[in-house]
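Engineer: So that we are looking at the same thing, I have put the structure below in structure tokens.
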Amino acid sequence: MNADERRFAVLQAIVADYVSTQEPVGSKAIVERHNLGVSSATVRNDMAALEEEGLIAQPHTSAGRIPTDKGYRLFVDRLAQVKPLSAAERKAVQTFLEGALDLDDVLRRSVRLLAQLTRQVAVVQYPTLTRSTVRHLEVVQLTPARLMLVLITDSGRVDQRMVDLGQVVTEEDAGRLRTLLNQALAGRRLADASARVAELPNSVPKELRDVVLTVSTVLIETLVEHPEERLVLGGTANLTRNSADFPGSLRQVLEALEEQVVVLKLLAAAQDPGLVTVRIGEENESADLHTASVVSIGYGPGTVVGGMGVVGPTRMDYPGTMAAVHAVARYVGEILAGR
């Protein structure tokens, strides 16, 4: 390999050993542990060049070096692809998530799984309604003058609304109403669905117009409502086990995680369900997270409806963490697509 390739191999070795041991890495250890086929003197020269480029640093007077945020960034950028989980790990993930009873259970299990797989803090955003599409609207006639509307989105969310019609409708009219509403709603984004529902009263048979107007008003409120974004967090204790990685700043990281707005911003950029995003140290917008790394991805049934990821120290097993985040997001998307 040429000099650039060899220096990157030295950087990889320093990242791997430092993540594993939490100890600064010296040239002798690299020669002993990694089969680079060069002498300690060559490795020392390469380490001097890496230090000059700001990719590694000497934390104190020992001979060892540790990666800088810039070094981690280059390491992550040069990962050819997200390494897959082993067959046993994939099966365990699939089995654990497929046992979920409903959307809440899927997300709770996802957080527990991510925290266990990565030994970091895991966070999952509830599906954002504005990104969801309507899968189906069920109209249930409770009494001749009262209906229950059950709106089901592609993200697995289910909203129920009661509608007092103020007049009696037949079972046949309730069936016609169901058909009309699903023709207007099914497969549409919630914002588009809201606009279509608003137009419905003008295009239905006269005898159904009052009923459709009443139902439409309730549906529009449901479709345009934006409830407070919700997050599920897990594994916060994992941060305290690595408190040495956050010298003087662990409390700030924990406080940032309590601020839902901060975490939602971290996940907001995840728009591609296949793309893992890694933000290292000062790449994070929040100053409280400048000693942390965030590995995130969008999830959903084909289209992204929310984000998930992990927060941990910059001294992180990036390949393993990226693989776990990618795998869990993929399975959650498949589960939501099948519901």
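The values are calculated or read from the model by the stated rules, or taken from the named source; none is laboratory data. Nothing here was measured: the structure is a model prediction, and the numbers come from that model. We place every Cβ from the backbone using ideal geometry, glycine too, and count neighbours over all the protein chains shown. Heads up: the accessible areas ignore ligands, DNA and RNA and are worked out on the full protein's heavy atoms, side chains in. Shrake-Rupley method; radii C 1.70, N 1.55, O 1.52, S 1.80 Å.
Engineer: Quick check on region 84-93. Is at least one of its residues under 19 Å from the mean Cα position of the chain (by Cα), part of a helix (DSSP H, G or I) and among the aliphatic types (A, V, I, L, M)?
Structural biologist: Yes, some residue in region 84-93 is under 19 Å from the mean Cα position of the chain (by Cα), part of a helix (DSSP H, G or I) and among the aliphatic types (A, V, I, L, M).
Engineer: Every residue in region 4-52 that is among the small types (Gly, Ala, Ser) and either under 29 Å from Pro247 (Cα atoms) or in contact (Cβ under 8 Å) with a residue 40 or more places away in the chain (or both), please.
Structural biologist: Taking region 4-52 as the starting set, the residues that turn out to be among the small types (Gly, Ala, Ser) are 9, 13, 16, 20, 26-27, 29, 37, 39-41, 48-49.
Within region 4-52, Ala9, Ala13, Ala16, Ser20, Gly26, Ser27, Ala29, Ala48, Ala49 qualify.
Engineer: So, restricting to helices (runs of 4 or more DSSP H) that lie completely within region 173-263, which ones have at least 3 residues that are open to solvent by 70 Å² or more (accessible area, probe 1.4 Å)?
Structural biologist: Because the criterion is at least 3 residues that are open to solvent by 70 Å² or more (accessible area, probe 1.4 Å), the helices (runs of 4 or more DSSP H) in region 173-263 that meet it are 190-199, 209-224, 250-258.
Engineer: Could I ask something else about it? Can we say Leu85 is among the hydrophobic types (A, V, I, L, M, F, W, C), touching a residue at least 40 places away in the same chain (Cβ under 8 Å) and more than 26 Å from Gly281 (Cβ to Cβ)? I'd like the intermediate steps shown before the answer.
Structural biologist: Values: among the hydrophobic types (A, V, I, L, M, F, W, C): yes; touching a residue at least 40 places away in the same chain (Cβ under 8 Å): yes; more than 26 Å from Gly281 (Cβ to Cβ): yes.
Yes.
Engineer: Something else now. Among the residues of region 295-339, write down those that are assigned to a helix (DSSP H, G or I), more than 15 Å from Leu79 (Cβ to Cβ), in contact with a helix residue (DSSP H, G or I) (Cβ under 6 Å, 6 or more places away or on another chain) and of a type in the set (Gly, Ala, Ser).
Structural biologist: Ala327
Engineer: Out of everything in region 71-117 that is small (Gly, Ala, Ser) and crowded, with 19+ Cβ neighbours inside 10 Å, what residue ends up being nearest to Ala329 (Cα to Cα)? Explain how you work it out, then say what you get.
Structural biologist: First, the residues of region 71-117 that are small (Gly, Ala, Ser): 71, 80, 86-88, 92, 99-100, 110, 115.
Now narrow it down to the ones that are crowded, with 19+ Cβ neighbours inside 10 Å: 71, 110, 115.
Details: Gly71: 27, Ser110: 8, Ala115: 13 Å.
Among residues in region 71-117 that are small (Gly, Ala, Ser) and crowded, with 19+ Cβ neighbours inside 10 Å, the one nearest to Ala329 (Cα to Cα) is Ser110.
Engineer: Of all residues in region 176-205, which are of a type in the set (D, E, K, R) and at pLDDT 85 or above? Let's see the steps before the verdict.
Structural biologist: Keep residues of region 176-205 that are of a type in the set (D, E, K, R), which gives 176, 178, 188-189, 192, 196, 199.
Correct list: Arg176, Arg178, Arg188.
Engineer: Cβ-Cβ under 9 Å, sequence separation 6+ or interchain: first residue in region 182-199 and under 9 Å from Val134 (Cα atoms), partner basic (Lys, Arg) and part of a helix (DSSP H, G or I). Which pairs?
Structural biologist: Leu185/Arg196; Arg188/Arg196; Arg189/Arg131; Leu190/Arg131
Engineer: Go through the residues of region 255-264 one by one and say whether even a single one is within 30 Å of His136 (Cβ to Cβ) and touching a residue at least 60 places away in the same chain (Cβ under 8 Å).
Structural biologist: Taking region 255-264 and keeping what is within 30 Å of His136 (Cβ to Cβ), we get 264.
With touching a residue at least 60 places away in the same chain (Cβ under 8 Å) added as a condition, the list becomes 264.
Yes: one or more hits.
Engineer: Just for region 47-70: of the residues that are over 17 Å from Ala9 (Cβ atoms) and part of a helix (DSSP H, G or I), which one is most open to solvent (accessible area, probe 1.4 Å)?
Structural biologist: Among those residues, the one meeting the criterion is Glu52.
Engineer: Just name the residue that is nearest to Arg230 (Cα to Cα) out of those in region 153-172 that are of a type in the set (A, V, I, L, M, F, W, C) and buried (at least 16 other Cβ atoms within 10 Å of the Cβ).
Structural biologist: Looking only at region 153-172, we keep the residues that are of a type in the set (A, V, I, L, M, F, W, C), and these are 158, 162-163, 165, 168-169.
Those still in the list that are buried (at least 16 other Cβ atoms within 10 Å of the Cβ) too: 163, 165, 169.
Values: Val163: 27, Leu165: 33, Val169: 38 Å.
Among residues in region 153-172 that are of a type in the set (A, V, I, L, M, F, W, C) and buried (at least 16 other Cβ atoms within 10 Å of the Cβ), the one nearest to Arg230 (Cα to Cα) is Val163.
Engineer: Taking the condition of being open to solvent by less than 70 Å² (accessible area, probe 1.4 Å), out of contact with any His (no Cβ under 9 Å at 6 or more places or on another chain) and not in a loop (DSSP other than H, G, I, E, B), how many residues in region 118-152 meet it?
Structural biologist: 19
Engineer: Next question. Scan region 122-151 residue by residue and report those that are over 30 Å from Ser293 (Cα atoms) and of a type in the set (A, V, I, L, M).
Structural biologist: Here is the first cut: in region 122-151, the residues over 30 Å from Ser293 (Cα atoms) are 133-151.
Selection gives Val134, Leu137, Val139, Val140, Leu142, Ala145, Leu147, Met148, Leu149, Val150, Leu151.
Engineer: Take region 289-331 and flag every residue that is surrounded by 24 or more Cβ atoms within 10 Å (Cβ to Cβ), at pLDDT below 90 and of a type in the set (A, V, I, L, M).
Structural biologist: Listed by number, the list holds a single entry, Val305.
Engineer: Can you tell me which residue is nearest to Asp245 (Cα to Cα) among those in region 307-330 that are small (Gly, Ala, Ser) and in contact with a strand residue (DSSP E or B) (Cβ under 9 Å, 6 or more places away or on another chain)? Let's see the steps before the verdict.
Structural biologist: Applying the first criterion (small (Gly, Ala, Ser)) to region 307-330 yields 307, 309, 312, 320, 323-324, 327, 329.
If we keep only those that are in contact with a strand residue (DSSP E or B) (Cβ under 9 Å, 6 or more places away or on another chain) too, we end up with 307, 309, 312, 324, 329.
Details: Gly307: 26, Gly309: 19, Gly312: 9, Ala324: 21, Ala329: 27 Å.
The residue in question is Gly312.
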